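Reviewing the structure listed below.
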Amino acid sequence: MANLPFGKEQLTQLRAFINMCRTNPKIIKTAELSFFREYLEELGAEIPEVAPTSGHGDGEMPSPTKESKKAEPQPEQDEPKVESEESDVELDMTGVVEPDKDESLPMGELGKEASEEDIEKSNEKKREAISAYAEGEYQKAVDLYTEAIILNSGSALLYAKRGQALLALGKPNACVRDCTHALEANPDCAAALKFRGRAHRLLGHWEEAASDLRDACKIDFDEQADEWLREVTPNARKLEEHRRKYERKRAERELQERLRRAKQAREEHAKASAASQQQQQQQGGGGGGGSPGFDFYSLLNDPDIVEAFKDPELAAAFRDISTNPANMVKYQNNPKVVAAMEKLTAKFSGAGLGGMGGMPFPGAGFPPGAGPTPPPPPSSSGDDVGLD
C-alpha cells in the first residue's frame, strides 16, 4: 500500500467501479470513459458490444444478455390466456342471428271474453293467416293474426302462431314476446313453448331454448321440436356444467373464507385471553403503587410478617391469594385469615405501597356485605396472629 500513489479510500472506490463495470458493461462505452476503454484495448482487452439504452440511439448491437432479459416477461404475457372459471365457454354459435329491434304489436287484453260473433270473425282471420303463412307471405300472416288477436285477445294459440310468423320473418325477439304472452294465458301451450324455444336458439340463449323445447315435447311431442332440442342440447349442457363448476368453486371459496375468518377470530380471542391473563397475573403479583411485576416476597423481611407466617395455615392462604386475588372469597369465613390480611394491608399501606396488588380483602377489601363481619383489629399485643 505504501508504494501506491493513492490511499485506501481511493482503492475502495476503484474496486467499486470495477464491480459496477462487471454488472453494467455499457458504462465503459460512454464518452467520458473513452480514455479507460482505449487503455483496456491497448492491453489487448475486447470490449463487448452492448445494447443501447432507451433513447440513446447509439446504434450498438444488442447483447445476448439483453435479449434474454427481453424474453423473460413472455410467460407472464401468456398467463392471461389461461381460461378462468368465469370465462366464456366455447360454444358452437352456428345459426345465431343478430337480435331484432323492438317492435310494438297489439297484444290485446288477456282474460277478456269475446262474443261469439268476434270469435267467429277471429277464426276466419286465423284461417286466412294460416293460408298466407303456407304461401310464404309471412308479413301478411302477421297482420292477419294481429286482426284475429284484436277480436279474440284471450286465445293463447293466436299469439303463438303470430310468433311463428315473426320467427319466419327473422324476428326472434318479437317471437319471444308473443309466445311469452301466450304462456301467460295458457302455461301449457306447447306451440308457444316450441316457437319460443326456437327463437331462443336463434338468439344464442341455449339453456332457455333447451328448457322450452324440452317442456314442449313433454306436453305434446313434436318431431320438429325434438330435432330442435337435440340441436341445442350440446351447448346447453356445456353451459350447465360450466355453471355448476363455477358455483362449486364459489362455494369452496366462500367456505375457505369462512374458515379463514373463524381462524382469525380464534387467534384474536386467544391473544385477548392471553393479554387478560397476563394482566390478571400482573395485578395479582404486582407491587404497591400499581407497579407491574412487584414481588410481594421481597417485602416479607418485616419481622412481624415473618412471625405471622410461621403459621402454616396463614402462609398457605397468603400464597393462594397472592396467586389469584379472587381466591380471597374462599377465606371470607375464616376470621384468622381475615384478621391477618387486615394487618398486612395496614403494614403495606403504612409503607406507602398503596395496598397489596389490588387483593380483595377487608380494607382493600371484601365486597360490601360479603362473608361475616371481620373481627375488630386486634390489640397492640397482636395475640391473634403474633404481629407484635
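What relative contact order, as a whole-number percentage, does the stretch 116-238 give when Cα pairs under 8 Å and 6 or more residues apart are counted? The partial results should precede the final answer.
Working: 188 pairs, mean separation 20.5, N = 123.
Reported relative contact order: 17 percent.
Among the listed pairs K171/K245; K263/K330; K310/K330, which have their C-alpha atoms separated by more than 26 angstrom in this model?
Numbers: K171/K245 34 Å; K263/K330 38 Å; K310/K330 21 Å.
Violating the 26 Å Cα-Cα cut-off are K171/K245; K263/K330.
At 7 Å along Cα-to-Cβ for each site, give me the label-to-label distance between S115 and Q281 in nm.
9.9
Residues with beta-carbon under 14 Å from that of Y138, excluding Y138: net charge, scoring Lys, Arg +1 and Asp, Glu -1? Don't skip to the end; give the middle numbers.
Numbers: positive: K140, K161, R162, K171; negative: D100, E103, E128, E135, E137, D143, D178.
Here the count lands on -3.
So for the stretch 116-237, what percent of the C-alpha to C-alpha distances run longer than 22 Å? Present the calculation step by step, with values, prior to reporting the outcome.
Numbers: 2348 of 7381 pairs.
Counting every Cα pair in the stretch 116-237, those more than 22 Å apart make up 32 percent.
FYI, it's all coordinate maths here, none of it is from the lab. This structure is a prediction, so every number in the text was calculated from the model and none was measured. Cβ: placed from backbone, ideal geometry, glycine included. Neighbour counts: every protein chain shown.
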